[in-house]
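Right, one structure below, let's go through it.
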Amino acid sequence: MTETQVFTSRIKALVAKSDLKEALRQLRLLLENSPALDEVLHQSARLQGIRKQIRMGEMDEEQASLLHNRISAGILELLRELEAPQGFQLPVQAEVERAAGVVNHKNVVMDSTIEAGGNVHIGDKKEEHHHHYGDRKIPHALTPPPFLPEVFLGREDDLRRIHDRLFAPGGNLLLLVNGEGGVGKTSVASKYFHEHRHKYAHVAWVLSEKSIANALLLLAFPLGLQFSEQMNTTERLETLLAALANLKKPCLLVLDNANELPDLETNYLRLRQCSNFHLLLTTRITNFERAEICRIEGLPEDEALALFEKHYRPLSPEARALFAQIREAVAGNTLVVELLAKNLAILNRLRDRYTLTDLLADLQQKGLLQLAQSQEVRTGYQSKAGALRREKPEAIIAAMYDLGELPPEERALLSVFAVLPAESIAFEMLETLLRSMENLDVHLISLSQKGWLAEQSAAEQSGRDLESRPDTPPAIYFKISPVVQEIVRRKNPNLRADCQVLVDVLNEKLDYQAGVGHLLNATYEDALHFARYAEAVFFNLPEPDTDLSILTNCIGSFHQTTGNLDKAFYHYEAGIRVNKALCALAPDNPNYKNGLASSYSQLGDTQRTLGNLEEALTFFEKDIELTKELYEAYPQNVSFKNGLAISYYRLGQLFEEQKNLPKAFEYFELDLKFTELTFESSPRNVEYRKNLRISYDNMGEISEKLGKKELSEAYFEKARSLE
């Protein structure tokens with residue numbers, strides 16, 4: 001057994017007895033000249049923090065026990081790495097083995113209650129691990145280490161990819177660890193930092209936020225640099241980079257949260273000067289120059305479930321099926337899954353106040369940022385000064401993205417994606433939907449590069465190898481995360497205005513011939529897509545206005561024409577709600593009242609088609625009531641005359657189907673009266689002429705059924721005269 005194994009077996013015994021304080025003290029003795037000392041110090045600080053919180057009454061025994069178990073697991077993991085020397089570079093292996101031999105033969109106090117203090121000292125005094133550069137000593141760790149993730153699941157392949165790319169022959173010196181906000185980029189980078197820092201001469205972790213230059217200048221103090229007051233930022237940065245370039249290789253520098261594309265453009269060449277460094281940037285930027293990319297995706301279902309159960313409770317098979325839908329609704333976003341689980345754990349600690357069924361319903365009907373019940377939770381995401389953040393989940397999620405950093409054109413384009421389905425949409429379709437947007441391609445590429453949108457080729461989108469046509473740009477698709485959608489809808493006060501072009505185009509594409517339903521500006525195949533997009537837009541722009549009233553009417557007509565009467569009924573009902581809301585806001589507005597009358601008419605027509613004749617009659621009568629009011633208030637308005645004629649015609653049809661021929665005759669006669677008035681107002685209008693011929697034919701047919709032969713012939717003759 002090696003000296004290291006003898007020593008680690010003693011520490012394992014201390015862990016087994018839950019004497020973590022002594023176990024960590026012994027580890028500090030062993031690793032005092034090793035880069036792995038930072039990890040031990042971090043765990044010691046965590047243990048001390050737990051004790052303080054217990055004393056202050058800020059942590060209960062259950063929470064303390066959970067954290068003790070995590071520290072124990074961390075110690076045992078480190079011991080396994082110490083016993084497997086292939087995990088360390090040879091000089092570090094030798095140093096650890098030497099230290100173990102020294103400590104094993106010293107008067108080490110095991111299982112003692114004595115605590116060092118004052119002038120009492122057990123073992124050697126701690127010396128910080130450092131490297132000599134002439135008369136200067138520079139510490140191995142140029143900055144405090146990042147927090148080690150407490151729960152780390154399903155990212156082993158990502159860690160391996162990062163390591164292999166950075167240590168590949170030739171050296172991939174700059175690596176962008178990219179992905180959406182909250183997906184786990186920082187956690188992956190932090191885990192890499194802790195697992196592999198012993199392989200580097202120096203390590204540093206800095207938070208970039210808005211300025212890479214300012215983040216780098218924080219390294220001046222540990223490097224022993226001093227700047228004259230006359231030096232500007234650029235001069236100071238060049239001095240710092242020269243000092244970094246003289247450090248032993250390899251070194252590791254992690255720039256966390258480097259999301260500003262212009263900032264990276266400004267500092268990219270400076271970063272490339274550090275050829276002795278592995279540079280790792282966590283960022284939402286998806287591609288930049290020739291920098292290597294390591295894409296971090298949302299957690300797959302099994303790992304997402306494991307994470308959820310870590311923070312909440314084990315789920316039954318039925319609950320797991322619900323969780324699968326919840327995960328899909330948030331695209332497996334690591335942070336969101338964690339926050340939702342913590343929220344449920346607090347709400348349902350003593351009894352189930354907010355179930356997974358409730359949560360799923362909120363996500364589907366209200367959205368991620370409008371949960372019916374939420375409590376403040378603790379998270380390390382974007383925490384400051386080493387303290388956990390304590391906020392409600394929706395506040396944490398909403399802070400993930402800052403719309404203020406986008407130019408107006410890109411914010412408007414993002415608003416369009418926020419109200420469309422969260423699915424891949426081809427560039428050609430986006431050109432159709434946003435025909436008046438200038439430089440659409442430029443803005444799409446910019447949003448994709450900044451990480452707001454995901455970009456896929458046709459092959460990636462379909463999962464098949466597709467041959468591209470020569471001299472033709474490849475088909476490209478763009479997709480937005482449902483989490484980003486929620487944030488944009490919540491934080492953009494100009495959402496409705498930004499989507500006006502989209503609403504106008506959808507209304508045009510779904511426009512139809514009145515009374516027939518035939519589409520005027522699109523094929524039925526294309527209209528399937530337009531109708532689905534329109535449904536999402538209507539759902540996500542809930543404030544009532546005239547254009548949305550028209551939109552839901554068009555959606556209803558499309559579904560009625562294509563035979564999906566249930567969907568038609570749903571959207572006509574939605575149109576009634578919108579138009580009622582508009583009429584309540586402005587009771588004297590004739591357009592709002594006309595829209596409501598039209599919605600009643602179409603809902604009645606749908607009920608008639610379904611065979612619900614009594615319900616149809618109710619809606620037709622409401623339509624007639626409103627249309628008559630409009631005509632009486634505006635007798636010269638041709639559109640209102642025509643509308644009243646159509647309303648009477650539909651009632652005539654209904655009574656004819658009920659075999660009430662006298663009533664049918666009465667309403668067809670009223671239809672004819674107002675159709676004639678409409679035609680007289682615009683005798684050159686081809687549509688009005690055709691309607692009049694149809695009205696004469698209807699009167700001829702109903703007269704014939706009633707046995708009024710002479711009257712029937714007279715009406716048929718008038719109809720023929722208009723052919």
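Nothing in this text is a laboratory measurement; each read-out follows from the coordinates by a stated rule. Predicted model only: the values in this text are computed from it and were never measured. Don't worry about glycine lacking a Cβ; one is built from the backbone with ideal geometry, like all the others, and counts go over all protein chains shown.
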So how much slack lies between Asp511 and Glu525, counting 0.36 nm per residue of separation and subtracting their Cα-Cα distance, in nm? 3.6 nm
Lys199: which lysines have alpha carbons under 26 Å from its alpha carbon, excluding same-chain residues fewer than 8 sequence positions away? Lys12, Lys125, Lys126, Lys137, Lys185, Lys191, Lys248, Lys249
For the range 651-662, 3J(HN,Hα) per residue [Karplus equation, 6.51 cos²θ - 1.76 cosθ + 1.60, θ = phi - 60°, Hz, x = Gly/Pro]: 5, x, 4, 4, 5, 5, 5, 7, 6, 9, 5, x
Those trypsin sites (Lys or Arg not before Pro) from the range 608-713 that are DSSP loop and have at most 16 other Cβ neighbours within 10 Å turn out to be Lys659, Arg684, Lys708
Expressed as a whole number of Å, what is the distance separating the alpha-carbon centroids of the range 353-380 and the range 660-723? 59 Å
Return the sequence-ordered ³J(HN,Hα) values of the range 315-322 in whole Hz as given by the Karplus equation 6.51 cos²θ - 1.76 cosθ + 1.60 applied to θ = phi - 60°, using x for Gly and Pro. 9, 6, x, 5, 5, 5, 5, 5
Give the residue from Ala13, Gln325, Gly182 lying farthest towards the positive end of the charge dipole for the chain; charges sit on Cβ (+1 for Lys and Arg, -1 for Asp and Glu) and the dipole is referred to the Cα centre. Ala13
From phi via Karplus (6.51, -1.76, 1.60), per-residue ³J(HN,Hα) for the range 352-360 in Hz, x at Gly/Pro: 7, 9, 8, 7, 4, 5, 4, 4, 4
Give the calculated FRET efficiency between Lys659 and Leu722 to the nearest 0.05, with a Förster radius of 25 Å applied to their Cβ-Cβ distance. 0.30
What ranking of His163, His129, His518 emerges when the number of other C-beta atoms within 10 Å of each C-beta is taken as an exposure proxy, fewest first? His518, His163, His129
Fewest Cβ neighbours within 10 Å first, please rank Phe640, Phe288 accordingly. Phe288, Phe640
Ser275, Ser681 arranged by Cβ crowding within 10 Å, fewest neighbours leading: Ser275, Ser681
Under 5 Å, built H, 5+ apart or other chain: amide partners of His278: Cys251, Leu252, Leu253
Enter the angle in degrees (range 0 to 90, nearest 10) between the Cα long axis of helix 61-83 and the first principal axis of the Cα atoms of the chain, meaning the one along which they spread out most. 60 degrees
Put +1 on the Cβ of each Lys and Arg and -1 on the Cβ of each Asp and Glu in the range 575-723; which of Ser598, Ala714, Gln653 then has its Cα farthest toward the positive end of the dipole? Ser598
Spacing of the two label points (7 Å from each Cα toward its C-beta) at Glu209 and Asn637, in nm: 5.8 nm
Calculate for the chain the 222 nm mean residue ellipticity that helices alone would give, adding -39,500 (n - 2.57) per DSSP H run of length 4 or more and normalising by residue count, nearest 500 deg cm²/dmol. -18500 deg cm²/dmol
Under 5 Å between amide H atoms, partner at least 5 residues away or on a different chain: which partners does Tyr133 have, H built in plane at 1.01 Å? Ile138
Relative contact order [Cα under 8 Å, 6+ residues apart], the chain, whole percent: 7 percent
